[in-house]
Amino acid sequence: MTRHGSSNHCLRLPATAAGLSLALIAMAGCGATERPAGPELEVEDVWVRAVAVAGDAVAPEPGTGHPSGHGAGPNTAAYLTLRSHGGEADRLVDAATEVASAVELHRTEVVDGVMRMRQVEDGVPIAPGSTVELRPGGLHIMLMGVSRTLAPGDRVDLTLHFERAGPVTAKAEVRER
Amino acid sequence: MIRTRFLLAGAALALLAALAAVAVGIRLAALPELHGTLLDPPLPAAEFALTSADGGAVGPQDFRGRLVVLFFGFTNCPDVCPLTMHRLGSAMEELGDRADQVQVILVSVDPERDPPAKVDEYAKRFHPSFIGVTGSDDELRTVTSSYGIYYARTEVEGALGYTVDHSASTLVLDRNGGLRMIWPFDTTPEGMASDLRYLIRR
């Protein structure tokens, strides 16, 4: 019944050679919070909300995991800022990380005091020269079925898939808030 | 003679002004800027008996003499729920030794995925004093409707299967169990702590 947005593998084969080189540049020791995804697109301030996996603290008894729609682990969210410096429009279409069994782009809206969360089916468009924030209470990358405790200060590889720029892996910092 | 009268009148005016200033000062001290909707007088709030981690029944009536903060959510909610719970945890830190005057209760509106022990464990991650409860769909419907809280299970595309749309506001019950304050979703921890301090003083 459930459809998985992305599976476990962290790095997919990049669509283009340009995508590969961008991903390699991004992975090769840039600053912790600034990840150039290309000359025209920057990925900044990448973070994941801390989450505890019960089995990490105390060994779980077999069969006590509670289903959450996709697996035993809890859910959390990743946030970031996308900054376009011009050029052509791009689109964040997908994301993946080793620590989650499924990853989807979601948007939370509070309408008339009611919180609704829905999957963003068509990805997150980034117009040339624009800045798009994924932040609490709005657009976010939902990590489902998290496999291990993510404690503040930890770092997690998060691979972002852009329509044009291809895959870009960023180091997300785990934060409490 | 005339001069004396002027002096007396001046003194009387000064006294009045001083009294007025004191009165305004007391008024300002009594009513700080609030960060949600204050219900004055408080609305009657329903007792309830939802299930806690140890299987016992828990409701706001168990915490008379303390303020009770109610939030309705679910543990699979990755964005708004942890944000609100974390803000409540920060507000408790901010309250310091007055935090024991406040009991935060998280009510899960997703009983299928959130057994009481799971909700409670989740709530305690944000502050050790927090408790998490849930109940059957029927029980939850009764509780939420009596508090004006909306929730609806909604099937969605994707790995989540379903999500639960729910009211994002937080409710504060006074020491006598009356509904006293409603905070909107975006209330800051500082705002919450300030309002709680005000309600503790009253």
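The values are calculated or read from the model by the stated rules, or taken from the named source; none is laboratory data. Not measured: the values here are computed from a predicted model. When we count neighbours, we look across all protein chains shown, and the Cβ atoms used for this are built from the backbone with ideal geometry, even at glycine.
Things to note:
- Among the candidates B:T144, B:T134, residue that is within 14 Å of another protein chain (Cβ to nearest Cβ) and either surrounded by 22 or more Cβ atoms within 10 Å (Cβ to Cβ) or among the hydrophobic types (A, V, I, L, M, F, W, C) (or both): B:T134
- Qualifying residue in the stretch B:93-103 (condition: within 14 Å of chain A (Cβ to nearest Cβ) and surrounded by fewer than 22 Cβ atoms within 10 Å (Cβ to Cβ)): yes
- Of all the criteria given as (1) closer than 15 Å to B:L160 by Cβ; (2) not charged (D, E, K, R); (3) not in a strand (DSSP E or B), the one not satisfied by A:T108 is (3).
- Boolean, A:G137 is without any contact (Cβ under 8 Å) to a residue 60 or more places away in the chain and at the interface with another protein chain (Cβ under 10 Å from one of its Cβ atoms): yes
- Residue in the stretch B:148-160 that is more than 8 Å from chain A (Cβ to nearest Cβ) and not in a strand (DSSP E or B) present: yes
- Filter result (closer than 22 Å to A:G73 by Cα, of a type outside the set (D, E, K, R) and surrounded by 16 or more Cβ atoms within 10 Å (Cβ to Cβ)) within the stretch A:147-177: A:S147, A:T149, A:L150, A:V156, A:L158, A:T159, A:L160, A:A172, A:V174
- Filtered residues of the stretch A:140-174 (kept if closer than 23 Å to A:E109 by Cβ and either more than 10 Å from chain B (Cβ to nearest Cβ) or assigned to a loop (DSSP other than H, G, I, E, B) (or both)): A:L160
- Odd one out for B:V80 among (1) in contact (Cβ under 8 Å) with a residue 60 or more places away in the chain; (2) of a type outside the set (S, T, N, Q); (3) within 12 Å of chain A (Cβ to nearest Cβ); (4) over 22 Å from A:A78 (Cβ atoms): (4)
- Evaluated against (1) farther than 17 Å from B:L83 by Cα; (2) within 10 Å of chain A (Cβ to nearest Cβ); (3) buried (at least 21 other Cβ atoms within 10 Å of the Cβ); (4) under 15 Å from the mean Cα position of the chain (by Cα), B:D114 falls short on exactly one condition, (4).
- B:S90 meets each of the listed conditions (1) outside any strand (DSSP E or B); (2) modelled with pLDDT of 95 or more; (3) more than 9 Å from every other protein chain (Cβ to nearest Cβ) apart from (3).
- Checking each residue in the stretch B:94-111 for being outside any strand (DSSP E or B) and over 15 Å from the mean Cα position of the chain (by Cα) picks out B:G96, B:D97, B:V109, B:D110, B:P111.
- Hits in the stretch B:161-171 (condition: within 7 Å of another protein chain (Cβ to nearest Cβ) and under 15 Å from the mean Cα position of the chain (by Cα)): B:S167, B:A168, B:S169
- On inspection, B:D120 fails the criterion of being over 18 Å from B:G73 (Cα atoms) and touching a residue at least 12 places away in the same chain (Cβ under 8 Å).
- Here B:D100 meets the list (1) in contact (Cβ under 8 Å) with a residue 12 or more places away in the chain; (2) within 19 Å of A:A52 (Cα to Cα); (3) not aliphatic (A, V, I, L, M) almost entirely, failing just condition (2).
- Counting only residues that are under 28 Å from B:E112 (Cβ atoms) and surrounded by fewer than 20 Cβ atoms within 10 Å (Cβ to Cβ), the stretch B:148-181 holds 11 of them.
- Condition met for A:V99 (within 18 Å of the chain's Cα centre (by Cα), at pLDDT 95 or above and within 13 Å of chain B (Cβ to nearest Cβ)): no
- Filtered by the rule that a residue be under 11 Å from B:T84 (Cβ atoms), touching a residue at least 40 places away in the same chain (Cβ under 8 Å) and within 11 Å of another protein chain (Cβ to nearest Cβ), the stretch B:172-198 gives B:W183, B:P184, B:F185, B:P189.
- Test for B:E33: is it surrounded by fewer than 20 Cβ atoms within 10 Å (Cβ to Cβ), at pLDDT below 95 and either outside any helix (DSSP H, G or I) or within 14 Å of the chain's Cα centre (by Cα) (or both): yes
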